[in-house]
Structure formats: structure tokens, C-alpha cells
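The structure follows.
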Amino acid sequence: MYEMKIRVPYNDIGADAYMTETGMINEFQNCCTFHSEDIGFGLREMKKDNLGWFLISWQVHIYKKPFYGEEIIVQTMPYSLKGAFGNRNFRMKSSDGEVLAEANSIWVLMNLEKESPVRVPKEMKEAFGIDEPLDISWPDRKIPLWDHHEKVYDFEVSFMHVDTNGHMNNTYYIDGALAVLPKDFCSKEIYVEYKMQAKLGDKVIVAVAQKEDRFQVVLENEEQEIYATIEFA
């Protein structure tokens, strides 16, 4: 297990000064990237070998949002490294040990030049190690598509969205989806299936459907090819 202790920063909070959903996911992402840095497979080393981890699934359970400036502990546990795929759990806790959020994620190691999956090298597996997974029954990573999504808005992927892997960063898909939810809706569960990369200059169309107290948001291009499907409950 790898962990980092931080205070909730200003850029991770919303208008109510509580950490946002994407703020929490941002810190999960920071935790695993810093883990990679600290074991010798950080950004510079991966770039030299034209490698990058692409996220293909988020499954997040939020129990309580921390407040601005609050001290929190973010933990990550890689529990499977097979072929080109890596599975990680995450946990966020208060300084006194209260569990605030837990998550599951699936990643694929990619050759950035060829844009194709590559097997996780033996030395990387040994450096990461394998932890016990969280005792949580997560749903299947593939999200069944609902009917009758209604388009709400669209946007163009700009320089501000693109990360070091050359595509729109994972959390911007979630931000784009959150924008179409009711203002008073509070997410307790977030499930994301990434299907295709949105790159600089691409048009992203955001559409939503609702079933009782659940929402499904689809981000797609003009040819109706899906970038990501996201469910909120």
C-alpha cells in the first residue's frame, strides 16, 4: 500500500468549500502517479520508453466529502498486474481514520507512439508489488447503455484539457458529465467506462438520461462514437 497525507486544497473544492467529486478523483490519480514516481517508474522514465498508463474504468463510492483545509490520507493498492492491465483500489480517510471514499480502477499500459497495449514489464511488477483488494463487490466495468439520452451541450477539447498522454485527462470527462446533473444532486456512486480517447480539437457532445434517482451521461463525437459512459447514483 502507498499513501500520502495532504490538506484539502482550494482547487479541489466547490462553491460550498467541500471537496468535489472530481477533486476526490484527482487526488486518487495523484496518489497513484506519485506512487509510480517513488518506485522509479515516473513520468520521465515512462516517457523515455514511450509508455503511459491509460485509464479504462473508475468505480467510486463516496461516503463523506472533506472540507477545505482538512487533513486527509489518500491510499492506493495495486492488486493485479496481468498482461497489459493493472487494477488498483483507492481509499480516502480523515486524519482520525474515518473512511471518506473508496474506489476501484482498471488501467492499461500503452505504447504512446504505436497507441497499442504492451505487457507490464517484470521489473515494474516487482516494484509495484501486489496488495490485497478492498472487500467490496464492484459491478462489471462495462456499463450497459440506456435509451433516449438527451443532448445538453457540446464542447471542443482544448489545450487546457490535454495531458501528457496526448488526450483529454480522465477527470475532464467526469467534469463534463457533472455539468448536466441537477444542482442539488449529490453523487454517492460514480461509475466510468472510458471507450475512446478525446484529443485536441475533437468535438465532445454531452447527453444525459435519467432512471429514478440515477443518471447516465454519454460523451460522444458527431459520429455517435462514445468517448465515455458515466453513471451517477
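The values are calculated or read from the model by the stated rules, or taken from the named source; none is laboratory data. If you're wondering where the values come from, they're calculated on a predicted model, not measured in any experiment. Neighbour counts are summed over all protein chains in view; Cβ atoms, including those assigned to glycine, are modelled from backbone coordinates with ideal geometry.
Within the range 213-231, track down each residue that is of a type in the set (D, E, K, R) and either more than 17 Å from P144 (Cβ to Cβ) or outside any strand (DSSP E or B) (or both).
Residues satisfying the conditions are D213, E222, E223, E225.
Where residues in the range 124-141 are surrounded by fewer than 11 Cβ atoms within 10 Å (Cβ to Cβ) and at pLDDT 95 or above, which of them is nearest to K211 (Cα to Cα)?
Going through the qualifying residues, I end up with D135.
Additional query: Can we say S94 is within 28 Å of K5 (Cβ to Cβ) and surrounded by fewer than 19 Cβ atoms within 10 Å (Cβ to Cβ)?
In short, yes.
I've got another one for you. Could you tell me whether the range 11-24 includes any residue that is without any contact (Cβ under 8 Å) to a residue 60 or more places away in the chain, under 19 Å from M168 (Cα atoms) and of a type in the set (D, E)?
Yes - at least one qualifying residue is present in the range 11-24.
Now for a separate question. Does K203 satisfy the criteria of being closer than 26 Å to L51 by Cβ, in contact with a strand residue (DSSP E or B) (Cβ under 9 Å, 6 or more places away or on another chain), at pLDDT 95 or above and not small (G, A, S)?
Here the answer is no, as K203 does not meet what is asked.
Okay, residues lined up against (1) in contact with a Ser or Thr (Cβ under 6 Å, 6 or more places away or on another chain); (2) under 21 Å from Q224 (Cα atoms):
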site: E113; (1), (2): no, no
site: P121; (1), (2): no, no
site: I136; (1), (2): no, no
site: I143; (1), (2): yes, yes
site: K151; (1), (2): no, yes
site: D154; (1), (2): no, yes
site: Y173; (1), (2): no, yes
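List every residue pair whose Cβ atoms sit under 7 Å apart, with the two residues 6 or more apart in sequence or on different chains, where the first one lies in the range 199-221 and is without any contact (Cβ under 8 Å) to a residue 40 or more places away in the chain and closer than 18 Å to E189 by Cβ and the second, anywhere, is surrounded by 15 or more Cβ atoms within 10 Å (Cβ to Cβ) and among the β-branched types (V, I, T).
Between residues of the range 199-221 that are without any contact (Cβ under 8 Å) to a residue 40 or more places away in the chain and closer than 18 Å to E189 by Cβ and residues that are surrounded by 15 or more Cβ atoms within 10 Å (Cβ to Cβ) and among the β-branched types (V, I, T), the close pairs are F215/V208.
Residues A228, A177, A198, A209: which one is over 20 Å from F28 (Cα atoms) and crowded, with 19+ Cβ neighbours inside 10 Å?
Matching residue, one of A228, A177, A198, A209: A198.
Let me ask something additional. Taking the residues in the range 96-116 that are acidic (D, E) and free of Cβ contacts under 8 Å to residues at least 60 places away in the same chain as candidates, determine which candidate is nearest to P133 (Cα to Cα).
Step by step, filter the range 96-116, then rank; the result is E102.
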